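Asker: Please find one structure pasted underneath; my questions will follow.
The values are calculated or read from the model by the stated rules, or taken from the named source; none is laboratory data. Because the structure is predicted, anything quoted here is derived from the model rather than measured. Quick reminder, even Gly has a Cβ in these numbers, built from the backbone with ideal geometry, and neighbours come from all protein chains shown.
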Amino acid sequence: MTYLLAGDLGGTKTLLRLVKAESPDRSEFEYKYQSQEYTSLVSIAQEFLAAARTKLGANIEVQAACLAIAGAVIDRASYLPNLDWHISADELQHQLKIPQVELINDFAAVGYGIALLPPQDLHTIQTGQIHHNAPKAVIGAGTGLGECLLIHNGTDYQVIPTEGGHTDFAARSIQEFEFLQYLCRQQQLDRISNDRVVSGRGIVAIYQYLRDCLNVPENSDIATVVKLWESQSEKLADPAAMISAMAISKTDPLAQATMQMFISAYAAEAGNLALKILPYGGLYIAGGIAAKNLPLLTDGTFTTAFNDKGRVSDLMSKIPVHVILNPQVGLIGAAAQAGKLVDS
């Protein structure tokens, strides 16, 4: 039986999925791994394929693999700084004995996947005015910030990966200027990228700034988790998740202020991306933070900041904006690309 291997690799987790070549949209076997518990992608893939053969039978033949990487892919290779992993398509091909292996940027995989999502996997937060074959854009905050573009070539959409998440963070108010200076001092940097602000660690950084500079009282439960995170003594501590949960439940003023500032910065960068391509085919918000914080993205904070672009604000209000609810959209896109490797 011929199978395809699809993967979505991030700094936090690695998702692998096995599908049949004739039905790449249906998972036959999949598993999630904690990336930092492994020293390489090869070791994860070998463990996964061994488990798949135990469950599905030893006659599994993987014909092609497409793996989405949370980083730039250059000459069939990529480096993940958060994991200190060097990943090579040629090495994977040799070590795993798979005839065809392709590495793509993780947000390129999302770009390939959005066309395959059913309507229920999207939540529209701005209807806009969709234009047939117009450009599309994807942005998503998680461990870091990813962005990609989709341009129609007359036949289909071509996905263009970017490293747009590493562009400079642009402060828009006195408070954001003060936050920028705070972050430079705290992290001993002279430049702050959007990746450091519009991400999970950005939520914690905003929280620390509001706590330290504005003297907003802390909730004792959050304070305990944040201190563990600051001391790096507890890998399981996730202050961002607790902060956003308390903001959604409206049980902590500091958490609410943190998430309002974060959502506004997120929307501003989404708007910056949109201005560069005018995605009247739709701007799609991916990543775990958006789907988990849907109430905060739909209370008006996001659309207000997204559309607030001065003389061109009217253009922004006509761009359709959707939140991707399916966390496996990258796997879906990677599986589709693996299928194309076999067909080519």
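Asker: From the list Glu102, Glu61, exactly one residue is modelled with pLDDT of 95 or more, in the same structural domain as Ser27 (by TED's automatic domain parsing) and of a type in the set (D, E, K, R). Which is it?
Answerer: Glu102
Asker: When you scan region 1-98 for strands (runs of 3 or more DSSP E) that lie fully inside it, which ones turn up with 1 or more residues that are farther than 28 Å from Leu117 by Cβ?
Answerer: 61-69, 77-80, 85-88
Asker: What helices (runs of 4 or more DSSP H) lie completely within region 193-260 and have 1 or more residues being of a type in the set (Lys, Arg)?
Answerer: Qualifying helices (runs of 4 or more DSSP H): 200-213, 220-231.
Asker: So, in region 242-275, of the ones that are without any contact (Cβ under 8 Å) to a residue 24 or more places away in the chain and within 20 Å of the chain's Cα centre (by Cα), which residue ends up farthest from Thr143 (Cα to Cα)?
Answerer: Per the stated criteria, the residue is Ala245.
Asker: Kindly state which helices (runs of 4 or more DSSP H) lie completely within region 281-344 and contain at least 3 residues that are modelled with pLDDT under 95 and assigned by TED's automatic domain parsing to the domain that holds Ala68.
Answerer: In region 281-344, the matching helices (runs of 4 or more DSSP H) lie at 329-343.
Asker: For region 200-259, enumerate the residues that are hydroxyl-bearing (Ser, Thr, Tyr) and over 21 Å from Lys292 (Cβ atoms).
Answerer: Going residue by residue through region 200-259, those that are hydroxyl-bearing (Ser, Thr, Tyr) are 207, 209, 220, 224, 231, 233, 244, 249, 251, 258.
Listed by number, the residues that qualify are Tyr209, Ser220, Thr224, Ser231, Ser233.
Asker: Okay, next question. Examine region 123-131 for a residue that is in the same structural domain as Ile69 (by TED's automatic domain parsing), of a type outside the set (A, V, I, L, M) and either over 30 Å from Ile44 (Cα atoms) or touching a residue at least 60 places away in the same chain (Cβ under 8 Å) (or both), and state whether such a residue exists.
Answerer: There is no residue in region 123-131 that is in the same structural domain as Ile69 (by TED's automatic domain parsing), of a type outside the set (A, V, I, L, M) and either over 30 Å from Ile44 (Cα atoms) or touching a residue at least 60 places away in the same chain (Cβ under 8 Å) (or both).
Asker: Gly154 - would you say it is of a type in the set (Gly, Ala, Ser) and either crowded, with 16+ Cβ neighbours inside 10 Å or in a helix (DSSP H, G or I) (or both)? If you could, list the steps in order and put the result at the bottom.
Answerer: On the way: of a type in the set (Gly, Ala, Ser): yes; either crowded, with 16+ Cβ neighbours inside 10 Å or in a helix (DSSP H, G or I) (or both): no.
Criteria not met by Gly154.
Asker: Could you please find all residues in region 302-326 being under 26 Å from Ala257 (Cβ atoms) and surrounded by 14 or more Cβ atoms within 10 Å (Cβ to Cβ)?
Answerer: Of everything in region 302-326, those that are under 26 Å from Ala257 (Cβ atoms) and surrounded by 14 or more Cβ atoms within 10 Å (Cβ to Cβ) turn out to be Phe302, Thr303, Ala305, Phe306, Asn307, Asp308, Lys309, Met316, Val321, Val323.
Asker: Identify the single condition in (1) in a helix (DSSP H, G or I); (2) of a type outside the set (Ser, Thr, Tyr); (3) crowded, with 17+ Cβ neighbours inside 10 Å that Leu117 does not satisfy, given that it satisfies every other one.
Answerer: (1)
Asker: Let me ask you something else. Would you mind telling me which numbered condition in (1) modelled with pLDDT under 95; (2) within 23 Å of the chain's Cα centre (by Cα) Asp156 fails?
Answerer: (2)
Asker: Taking region 178-209, which residues are touching a Leu at 6+ places or on another chain (Cβ under 6 Å) and not small (Gly, Ala, Ser)?
Answerer: Scanning region 178-209 gives Ile192, Asn194, Asp195, Val198.
Asker: Give the residues of region 69-110 that are more than 22 Å from the chain's Cα centre (by Cα) and surrounded by fewer than 16 Cβ atoms within 10 Å (Cβ to Cβ), sorted by residue number.
Answerer: Passing the criteria: Asp75, Asp90, His94, Lys97, Pro99.
Asker: I'd like to check something: does region 35-52 contain any residue that is of a type in the set (A, V, I, L, M) and in contact (Cβ under 8 Å) with a residue 60 or more places away in the chain?
Answerer: No, region 35-52 contains no residue that is of a type in the set (A, V, I, L, M) and in contact (Cβ under 8 Å) with a residue 60 or more places away in the chain.
Asker: Cys184: out of contact with any Cys (no Cβ under 9 Å at 6 or more places or on another chain) and assigned to a strand (DSSP E or B), yes or no?
Answerer: It is false that Cys184 is out of contact with any Cys (no Cβ under 9 Å at 6 or more places or on another chain) and assigned to a strand (DSSP E or B).
Asker: Okay, next question. Which one of these is within 30 Å of Gln93 (Cα to Cα) and over 15 Å from the mean Cα position of the chain (by Cα): Ala305, Ala338, Ala334?
Answerer: Ala338
Asker: Still on this structure: For region 235-262, how many residues are at pLDDT 95 or above, touching a Phe, Trp or Tyr at 6+ places or on another chain (Cβ under 6 Å) and surrounded by fewer than 24 Cβ atoms within 10 Å (Cβ to Cβ)?
Answerer: 0
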